[in-house]
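Down below is the structure, laid out as structure tokens.
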Amino acid sequence: MGRVFSVLFFLALAACASLAAPQAGARRTIDIAAENYVRLALEIDTHEEGYVDSYFGPVEWREQARANPRSVADLKAFADHIAGQLSSVAANDTDATSRRRARVMLAAVRSARFRLDMIEGARAPFVEEAERLFALRPALRSLESYEPVLARIEALVPGRGALSERVETFRARYVIPDDRRQAVMDRAIAECRARTRGHYALPEGESFRMEFVTGKSWSAYNWYQGNNQSLIQVNTDVPPTIDRALTLACHEGYPGHHVQGIYNERNYRRRNWVEFSVAPLFHPTAPLNEGGGNYGVELAFPGETRLAFERDVLYPLASLEPAGAAAYGQLQTALAELSGARLTISAQYLDGAISRERAVDLAERHLLVSRARAEQLVAFTDHYRAYVINYVSGEDLIRAHVERVAGADVAARWAAFEAIMSEPTLPEDLQP
Ligand SMILES: [Zn+2]
């Protein structure tokens, strides 16, 4: 009896202690949940290679995840446990910042939980898959709704034969010659970096390394490596055209993925928010990252400044005729309006409404790309599935938000863009 009593007495003491104000050094639930969340992501990565896109937290956490990964079923139970911790913080914590972190992490854990279902073979319709992984429901338009844009492009590139072939022939004149590629990319990156540094305080020593690769389904990839360093790989299977220089430099580098990585690392190291030390590929911030990367070009080169820089600096560097810059810029602007068709085609293909062959045909016809590029786009869809919404819907979301809060004020636009990277943010936070 004495023993039972002492145990009860001890439990009563423990209960009193947990009701008391947290002592100095006591870990808060939000931080415990954050560590759990990071460990969850690292263990999912052992079941799906590439799930974790970048990680710069404690090395031993990754070693432990790799040495003793739990089963998918156990990880689902763990995810549910973390969701419980986070729900309690989101509902009860007196600190607004903790509630905000909890809300964003809760969305991340729900995404991870669904990814675990997918690892076991579960599939949902395209739009639902997108919403469950990325917390953003894409709006799909019919392919017919893009016909007016195709008609405008028809007028820009008149002639006989299929429009996609004419566009391809036109585009071929703007391919950066192999021996000029490095110089053009270096100059584009330097300009994007300088423009970004004009608005943001980036750490000393931040930099990235760029290399050219082949045989990938993506056209470029930023591997953020921690310590403010990135490795950026550019795929040359489809030879990059001159417009790609600024697109890649801004999207992968400044103010895109490289800068996003720096801000994540800053939140981890300075504010001790460990959830920022891991970046799963499938995550509710993916629309903000990819959309931010795409919108970053417009942010860094507003209005006509992009065309001016390309024509006056990059074209001569690429040994291309600057007089052709305006016509090519006009074509690029029109082609960008077709990007939403990629979602429609991906949805039809993944939902089983059309064959793979048909998806490649439609990509060629409605996105006006070469057969090789169309094949690459569908291969990307095979691999990354609903991830494509992050580029298109994400860009629309970011642009609308930045323009709504900042109007045409350039400095205010940079500030609005920075706020998205600085604070825990979900796509829903950018919706009016
Ligand atoms: Zn990207």
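In nm, give the distance between the simple-model label positions of Ala308 and Glu204, each being 7 Å from the Cα along the Cα-to-Cβ direction.
It works out to 3.3 nm between the two label points.
Summing -39500 (n - 2.57) over the DSSP H runs of n ≥ 4 in the chain and dividing by its residue number, what mean residue ellipticity at 222 nm do you reach, to the nearest 500 deg cm²/dmol?
The helix-only estimate for the chain comes to -19000 deg cm²/dmol at 222 nm.
Under a 5 Å amide H to amide H cut-off, with H placed in plane at 1.01 Å, what residues pair with Asp53 once short-range neighbours are removed?
It is Ala279, Leu281, by chain and number.
Assuming a viscosity of 0.692 mPa s and a temperature of 37 °C, what translational diffusion coefficient in µm² per second does Stokes-Einstein assign to the chain, Rh being the Kirkwood radius over Cα pairs?
For these conditions, the coefficient is 140 µm²/s.
To the nearest 0.05, how large is the calculated FRET efficiency for His383 and Glu154 if R₀ is 35 Å and r is the Cβ-Cβ distance?
0.60
Which order results if His283, His257 are arranged by neighbouring Cβ count within 10 Å, fewest first?
His283, His257
Could you tell me which GluC sites (Glu not before Pro) in segment 191-278 are loop residues by DSSP with no more than 11 other beta carbons within 10 angstrom of their beta carbon?
Glu204
Please list, in order along segment 106-116, the HN-Hα scalar couplings obtained from phi with the Karplus expression 6.51 cos²θ - 1.76 cosθ + 1.60 (θ = phi - 60°), rounded to whole Hz, x for Gly and Pro.
4, 4, 5, 5, 5, 4, 4, 4, 6, 4, 4
Once phi is turned into ³J(HN,Hα) by the Karplus curve 6.51 cos²θ - 1.76 cosθ + 1.60 with θ = phi - 60°, what whole-Hz value does each residue of segment 44-58 show in order, with x for glycine and proline?
4, 4, 6, 9, 9, 4, x, 4, 8, 7, 7, 8, 9, x, x
Between Arg197 and Glu423, take the C-beta separation as r, use R0 = 25 Å, and let me know the FRET efficiency to the nearest 0.05.
0.75
Rounded to whole Hz and in sequence order, give me ³J(HN,Hα) for segment 247-260 from the Karplus expression 6.51 cos²θ - 1.76 cosθ + 1.60, θ = phi - 60°, writing x for Gly and Pro.
Once rounded to whole Hz, the list reads 4, 5, 4, 6, 5, 7, x, 10, x, x, 4, 4, 5, 4.
Which distance in nm do the two modelled labels at Ala96 and Arg371 give, with both placed 7 Å along the Cα-to-Cβ direction?
A separation of 5.9 nm, rounded to one decimal place.
Taking just the alpha-carbon atoms of segment 27-122, what radius of gyration and Dmax come out, in angstrom?
Values for segment 27-122 (Cα only, Rg and Dmax): 13.3, 40 Å.
When a footprinting reagent is the concern and you count Cβ atoms within 10 Å, what order do Asp74, Asp382, Asp53 take, fewest first?
Asp74, Asp382, Asp53
Return the long-range amide H neighbours of Val213 (sequence gap of 5 or more, or a different chain), with a cut-off of under 5 Å between placed amide H atoms.
Here Val234, Asn235, Thr236 satisfy the definition.
Quick check: pseudo-label points 7 Å beyond the Cα along Cα→Cβ at Ser355 and Glu60, how many nm apart are they?
5.7 nm
Under a 5 Å amide H to amide H cut-off, with H placed in plane at 1.01 Å, what residues pair with Trp223 once short-range neighbours are removed?
For Trp223, the qualifying residues are Leu231, Ile232, Gln233.
Based on other C-beta atoms within 10 Å, arrange Leu426, Leu343, Leu288 from fewest to most.
With the sparsest Cβ surroundings first, the list reads Leu426, Leu343, Leu288.
Hey, got a sec? Which trypsin sites (Lys or Arg not before Pro) in segment 115-148 land in a DSSP loop and have at most 16 other Cβ atoms within 10 Å?
Arg123, Arg141
Each value in this text was obtained by applying a stated rule to the coordinates, not by laboratory testing. This one's a predicted model, so the numbers in the text were calculated from it and none came from an experiment. Heads up, the Cβs are rebuilt from the backbone with ideal geometry, glycines too, and the neighbour counts pull from every protein chain shown.
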